[in-house]
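Just below is one structure, and these are the notes that go with it.
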Amino acid sequence: MTLGGSGSGVVVPRNFRLLEELERGEKGIGDGSVSYGMDDGDDIYMRSWTGTIIGPHNSVHEGRICQLKLFCDKDYPEKPPSVRFHSRINMTCVSHETGVIEPAKFGILANWQREYTMEDILTQLRKEMAAPHNRKLVQPPEGTFF
Amino acid sequence: MANSNLPRRIIKETQRLLSEPAPGISASPSEENMRYFNVMILGPTQSPYEGGVFKLELFLPEEYPMAAPKLGRICLDILKDKWSPALQIRTVLLSIQALLSAPNPDDPLSDNIAKHWKSNEAEAVETAKEWTRLYASGA
């Protein structure tokens, strides 16, 4: 997928980029293992989003449904959104107190590029959940939230 | 970078929009991105939107003019399946202006507002006037 027209020299402005992402999210992505939608249809700046990740196979997260909050500020997509887990989770890149993903510990946020999308973030996080340093960590009970 | 290789068609259209603007419509490209326009449409006289200044953002995607300009969430056939490369930015903006004069509740973006419009037009028009005063007075 190429949202944002990378390589062509065409720069898609923020609001149009978010509208593209909204449309894509509404249609549904791939096998449904990650999804997202806008929280408030009346927010003309389209800032608050909820993402969902279905825990990957061969990990302690398998079968769990994790909810996240993504916040795209006015400087998105020049800057990455802030991302935090709503569902409690134990992962090396996630703050134990707040659920916030620490950008320095999560590559796609640390090395953010304008073409990256919320879908990319969720897909990468799902991979991260299955990574050797995360997939066996003891998890808080299901259905608990930050 | 954003302005390199801007197709001649876009340059021509932009020049004409600036030199011969359609009445009640202004469209000016952003300096950093010539495909991104700030648009203002004045509410047509004798419509509930009279006196309002409506700000829009317009973006010409890479495929333009084979694909329609993008304009946020507006339900207008020429922005979707009725688009033709023979149409222009100007035609699109004139169509939106016409939509303000004659809303089309049979093909709405918002079902609730369309329902209101069809069941009690006088009241819906009053709401439109009030919202124009509250949110589009140009202040």
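Please check chain B for the longest run free of trypsin sites (Lys or Arg not before Pro) that are loop-located per DSSP (anything but H, G, I, E, B) and have at most 16 other Cβ atoms within 10 Å.
Details: sites that count: B:Arg73, B:Lys80, B:Lys82.
The longest uninterrupted stretch comes out as B:1-72.
Please state the charge dipole magnitude for the protein assembly as shown, taken about the Cα centre, from unit charges on C-beta atoms (+1 on K and R, -1 on D and E), reported in debye and rounded to the nearest 20.
Working: 32 positive and 37 negative charges, 125 e Å.
Dipole size: approximately 600 debye.
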- request: Using +1 at the Cβ of each Lys and Arg and -1 at the Cβ of each Asp and Glu in the protein assembly as shown, identify which of B:Gly72, B:Asn104, A:Gly30 lies farthest towards the dipole's positive end.
  value: A:Gly30
- prompt: Hey, what angle do you get for helix B:8-19 against the long axis of chain B, alpha-carbon based, 0 to 90 degrees rounded to 10?
  reply: 50
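If the only charges are +1 at each Lys and Arg Cβ and -1 at each Asp and Glu Cβ, what is the size of the charge dipole of segment B:35-91 around the Cα centre, to the nearest 20 debye? List each step's numbers first, then the result.
On the way: 7 positive and 6 negative charges, 11 e Å.
Once rounded to the nearest 20, the dipole reads 60 debye.
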- prompt: From the residues B:Ala122, B:Ser19, B:Leu58, which one has its Cα farthest along the dipole of chain B in the positive direction, the dipole being from +1 and -1 charges on Cβ of Lys/Arg and Asp/Glu about the Cα centre?
  reply: B:Ser19
message: If you average the alpha carbon positions of segment A:78-146 and of segment B:94-112, how far apart do those two centres end up, in angstrom?
response: 42
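Which chymotrypsin sites (Phe, Trp or Tyr not before Pro) in segment A:1-80 sit in a loop by DSSP (not H, G, I, E or B) and have at most 15 other Cβ atoms within 10 Å of their own Cβ?
On the way: sites: A:Phe16, A:Tyr36, A:Tyr45, A:Trp49, A:Phe71; in loops: A:Tyr45.
Those that pass, being in a loop and sparsely packed, are A:Tyr45.
Taking a 26 Å limit on the Cα-Cα distance, which of the listed pairs A:Lys74/B:Lys129; A:Lys74/A:Lys136; A:Lys69/A:Lys127; A:Lys74/B:Lys118; A:Lys27/B:Lys80 fall beyond it? Could the numbers behind the result be given before it?
Details: A:Lys74/B:Lys129 30 Å; A:Lys74/A:Lys136 37 Å; A:Lys69/A:Lys127 18 Å; A:Lys74/B:Lys118 37 Å; A:Lys27/B:Lys80 17 Å.
Listed pairs above 26 Å: A:Lys74/B:Lys129; A:Lys74/A:Lys136; A:Lys74/B:Lys118.
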message: Between helix A:118-129 and chain A, what is the angle of the helix's C-alpha long axis to the longest principal axis, kept within 0 to 90° and rounded to the nearest 10?
response: 20
message: If you fit an axis through the alpha-carbon atoms of helix A:14-27 and take the longest principal axis of the Cα set of chain A, what angle between them do you get, 0 to 90°, nearest 10?
response: 50
statement: For segment A:2-135, the charge dipole (Cβ of Lys, Arg +1; Cβ of Asp, Glu -1; about the Cα centre) points to a positive end, and the Cα of A:Leu125, A:Cys93, A:Gly41 closest to that extreme belongs to A:Cys93
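Treating only the Cβ atoms of Lys and Arg (+1) and Asp and Glu (-1) as charged, compute the dipole magnitude of chain B about its Cα centre; round to the nearest 20 debye. Write out the running numbers ahead of the final one.
Details: 15 positive and 17 negative charges, 77 e Å.
Charge dipole, chain B, about its Cα centre: 360 debye, nearest 20.
The numbers here are math on the coordinates, done by the rules we state, and not lab data. Since we're looking at a predicted model, the values are computed, not measured. Counting neighbours? That spans all protein chains shown, and the Cβs are built from the backbone with ideal geometry, glycine included.
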